[in-house]
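Encoded as structure tokens, the structure appears first; notes follow it.
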Amino acid sequence: MVSFLIRHATLDDLNAIVQLDQGSNPHPWNASLIEEALMSRANWVIEATLDADDTIAQKNETALLGWLTASLLFEQSELELIVVDRAQRRQGFAKQLLSAWTEEMASKGVVEYLLEVRESNLGAIQLYRSLGFEEVGRRKNYYVTDQGKEAACLFTLSV
Ligand SMILES: CC(C)(COP(=O)(O)OP(=O)(O)OC[C@H]1O[C@@H](n2cnc3c(N)ncnc32)[C@H](O)[C@@H]1OP(=O)(O)O)[C@@H](O)C(=O)NCCC(=O)NCCS
């Protein structure tokens, strides 16, 4: 039996997050950027608890399945990155991380949530729309791709 826990991330999670991001983010961050995020932003991870016969734990030493990092600026909070282990998707982990983010930020007085996403990232866009985020603009040629460039879609959620 596997159970899952969402908690704040700390610098002790750095190596596991770097490993997760490199294996599951098509555009991984470098370790120093992740370290900076852990020191200066709000961070949550979702992890599997380690039962003896836990197949997830056997496959993934850290048992860390997802990470979300966000910045806080007065009444706004911006999602900087969310990533879920490639092998553990479509189980609601991203939704749970996003809920942890918005619930805690609401308790700090946040009334608007912001994020940017590549226009080709249709899965993430579907996820954000399912939570009530609305597209409010696009930045053309914002991200580099293998083929050239693509737009960033700007989404907000006001509460
Ligand atoms: C985007 C990402 C975080 C989603 O993680 P996840 O844990 O699989 O998402 P969830 O299981 O919480 O999905 C919740 C809902 O979002 C939507 N969704 C998520 N991924 C989707 C996909 N690939 N295609 C279509 N809809 C998707 C669905 O509505 C889904 O509900 P359903 O499974 O009942 O249909 C994950 O795919 C990922 O890490 N991608 C790489 C990093 C990335 O692109 N991050 C976003 C950068 S802005």
Inset, instruction - At a Cα cut-off below 13 Å, give the aspartates and glutamates reachable from Lys149, other chains included and same-chain residues fewer than 8 away excluded. - result: Glu119
Inset, instruction - May I ask which residue of Ala106, Val45, Ser158 lies farthest towards the positive end of the charge dipole of the chain, with charges of +1 (Lys, Arg) and -1 (Asp, Glu) on Cβ and the Cα centre as origin? - result: Ser158
Legend entry - Spatially proximal aspartates and glutamates relative to Lys95 (Cα-Cα < 13 Å; intrachain offsets below 8 disregarded): Glu103
Inset, instruction - For the chain, report the translational diffusion coefficient in µm²/s to the nearest whole number, using Stokes-Einstein at 37 °C, 0.692 mPa s, and a Kirkwood Rh over Cα pairs. - result: 200 µm²/s
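Laboratory data are not the source of any read-out in this text; all were calculated from the coordinates shown. Keep in mind the model is a prediction, meaning the values are calculated, not measured. Positions of Cβ are backbone-derived with ideal geometry, glycine not excepted, and every protein chain shown enters the neighbour counts.
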